[in-house]
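Enquirer: Input: one structure, supplied below.
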Amino acid sequence: MHSVIKYVLISFFLFASLQQPTAQICAKFSGKLSNFTQDSILVRNANQKYVKVIRVNKDGTFSDTLRVINGTHVVIAGGQYDYMFLKNGFDLNLEADVADFTATASYSGKGSENTAAMKELFKLEEKELDESKFNELDSTALFSAFSATERKMDQFFNTRKNLDADALTWMVRYSGDNLVQMKRYYFASASLKKVLPAGSPSPEFFNYENYNGGTTSLKDLRGKFVYVDVWATWCGPCKAEIPNLKKLEEDYHNKNIAFVSISIDDPRRSGGGNMDAVKAKWRAMITDKKMGGVQLIADNNWNSDFVKGYRISGIPRFILIDPEGKIVLPDAPRPSSPKIREIFNRLKL
């Protein structure tokens, strides 16, 4: 009799433990939001493979249990967002004023030290990987600058050995990937400036089809600085720069500068099977996005002499040419970068 009861009790507790989300396999996420008028927030991981809607009470409080993919997650509240490091077994509490969500978001509870460290890392990278530190350096100076940055990053991680192992691994990998990409970009840019130095004649383009009719050559723009955007309709980063480019052109519309966008759309990537379809798609996007400036399409996409002359292997690519047709920058900052305005102002357009 006793053995039967014992067996039943063991079976009951085993069954119950399997039904309950345990601290080892789930994360708890709770908090309170002020000035929040909606009924839910969204939590998703960085690559959107995990998404969870969490109900928020009328007083701004919420609480839920999540079976997450360990790593960085985005919390979206009222159209604003913030980042946290979330792992099964963590128990995080968030307090924030949604009127200024990112600035006021504060995390406490088990595992919160990892989110705090991650945010410190973001701030450190924003400072240490600021493009203004690298934009005009040659290869030798770049090597010294990046070596100094690597030492500061190493110091950051060496003083945070008490973090969760998964969180620390993620941060080291994230930081390392960013640094590799930055080094690759700026060393390539420095190399390009050796091949296409400032003051040398710019590669030319001739009789490119103009969206507004007729054709345009680079020599037609002599007497003005020329800011060239090499792009394509299929290029996501190119399209992301369009609003910034429009704003830049608007702010400098009365200056001695022409804004020229050169599409390198081709049948293979742009679809349609022939250049007539490609040009129709190119024209449609210019119309739809109300793009300004001088809109041209290259005569032979990637194989155009101008594109090959500037050694363009990835887009968007921005180029700055002076009124005499000489190179100012063969790889100029993007419109989204404050650096381009500094350069324009320094040139006294």
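No value in this document is a laboratory result; all are computed from the given coordinates. Note that the structure is predicted; figures quoted are calculated from it, not measured. As a convention, Cβ positions derive from the backbone with ideal geometry for all residues, glycine included, and neighbour counts pool all protein chains shown.
Enquirer: Sort segment 258-309 into rounded, prolate or oblate with this rule: let a ≥ b ≥ c be the square roots of the eigenvalues of the Cα gyration tensor; rounded if a/c is under 1.5, and if a/c is not under 1.5, prolate when a/b is larger than b/c, oblate otherwise.
Expert: oblate
Enquirer: So, with +1 on the Cβ of K and R and -1 on the Cβ of D and E, and no other charges, what is the size of the charge dipole of segment 122-195 about its Cα centre, to the nearest 20 debye?
Expert: Here the size comes out at about 160 debye.
Enquirer: Moving on. Which residue, 80, 344, 259, has the largest displacement toward the positive end of the dipole of the chain when charges sit on each Cβ (Lys, Arg +1; Asp, Glu -1)?
Expert: In the chain, that residue is 80.
Enquirer: Give me the angle, in degrees from 0 to 90, between the Cα long axis of helix 112-128 and the longest principal axis of the Cα atoms of the chain, rounded to the nearest 10.
Expert: Rounded to the nearest ten degrees, it is 10.
Enquirer: Segment 229-253 to segment 315-349: how many Å between their Cα centroids?
Expert: What the calculation gives is 14 Å, centre to centre.
Enquirer: Can you give the relative contact order of segment 208-347 as a percent, counting alpha carbon pairs under 8 Å and 6+ residues apart?
Expert: 34
Enquirer: Find, among the trypsin sites (Lys or Arg not before Pro) in segment 56-94, those assigned to loop by DSSP (not H, G, I, E, B) with at most 12 other beta-carbon atoms within 10 angstrom.
Expert: Hits after loop and neighbour filter: 58, 67.
Enquirer: Further, regarding this structure: Helix 2-19 versus the longest principal axis of the chain: what is the Cα-based angle in degrees, 0 to 90, to the nearest 10?
Expert: Helix 2-19 and the main axis of the chain meet at about 20 degrees.
Enquirer: Could you bin all the Cα-Cα distances of segment 122-195 into 5 Å bins starting at 0 and give me the percent of pairs in each, rounded to whole numbers?
Expert: Each 5 Å bin holds this share of Cα pairs: 3, 15, 26, 23, 14, 9, 6, 3, 1, 0.
Enquirer: Before anything else, pin down the relative contact order of segment 196-283: Cα pairs under 8 Å, at least 6 apart, normalised by residue count, whole percent.
Expert: Value for segment 196-283: 26 percent.
Enquirer: Quick one: compute the contact order of segment 28-164, relative version, from alpha carbon pairs under 8 angstrom and 6+ residues apart, as a percent.
Expert: 20
Enquirer: Of all the Cα-Cα pairs you can form in segment 208-347, what percent are over 25 Å apart?
Expert: Looking at segment 208-347, the distances longer than 25 Å represent 20 percent of pairs.
Enquirer: Can you pull the Kirkwood radius for segment 32-117, inverse mean 1/r over Cα pairs, to one decimal in Å?
Expert: Answer for segment 32-117: a Kirkwood hydrodynamic radius of 12.9 Å.
Enquirer: Across segment 87-102, in residue order, what do the Karplus-derived ³J(HN,Hα) couplings come to in whole Hz, using 6.51 cos²θ - 1.76 cosθ + 1.60 with θ = phi - 60° and x for Gly and Pro?
Expert: Working through the residues one at a time gives 9, 4, x, 7, 9, 9, 10, 10, 10, 7, 9, 5, 4, 8, 4, 4 Hz.
Enquirer: In addition: Pairing the Cα long axis of helix 338-347 with the longest principal axis of the chain, what angle in degrees results, from 0 to 90 and rounded to the nearest 10?
Expert: On a 0 to 90 degree scale, this one is about 20.
Enquirer: So what J values fall out for segment 244-259 if you push phi through Karplus, 6.51 cos²θ - 1.76 cosθ + 1.60 with θ = phi - 60°, rounded to Hz, Gly and Pro as x?
Expert: So the Karplus estimates, Gly and Pro as x, are 5, 5, 4, 5, 4, 5, 4, 6, 10, 5, 9, 9, 7, 8, 10, 9 Hz.
Enquirer: For segment 271-349, run through the trypsin sites (Lys or Arg not before Pro) and keep only the ones in DSSP coil with at most 11 other Cβ atoms within 10 Å of their Cβ.
Expert: 290, 348
Enquirer: Whole-Hz Karplus ³J(HN,Hα) for segment 188-193, in order, using 6.51 cos²θ - 1.76 cosθ + 1.60 and θ = phi - 60°, x for Gly and Pro?
Expert: Values, residue by residue: 5, 5, 5, 5, 5, 5 Hz.
Enquirer: Let me spell out the model: positive unit charges on the Cβ of Lys and Arg, negative unit charges on the Cβ of Asp and Glu, origin at the Cα centre of the chain. What dipole size does that give, in debye rounded to 20?
Expert: Around 400 debye, computed over the chain.
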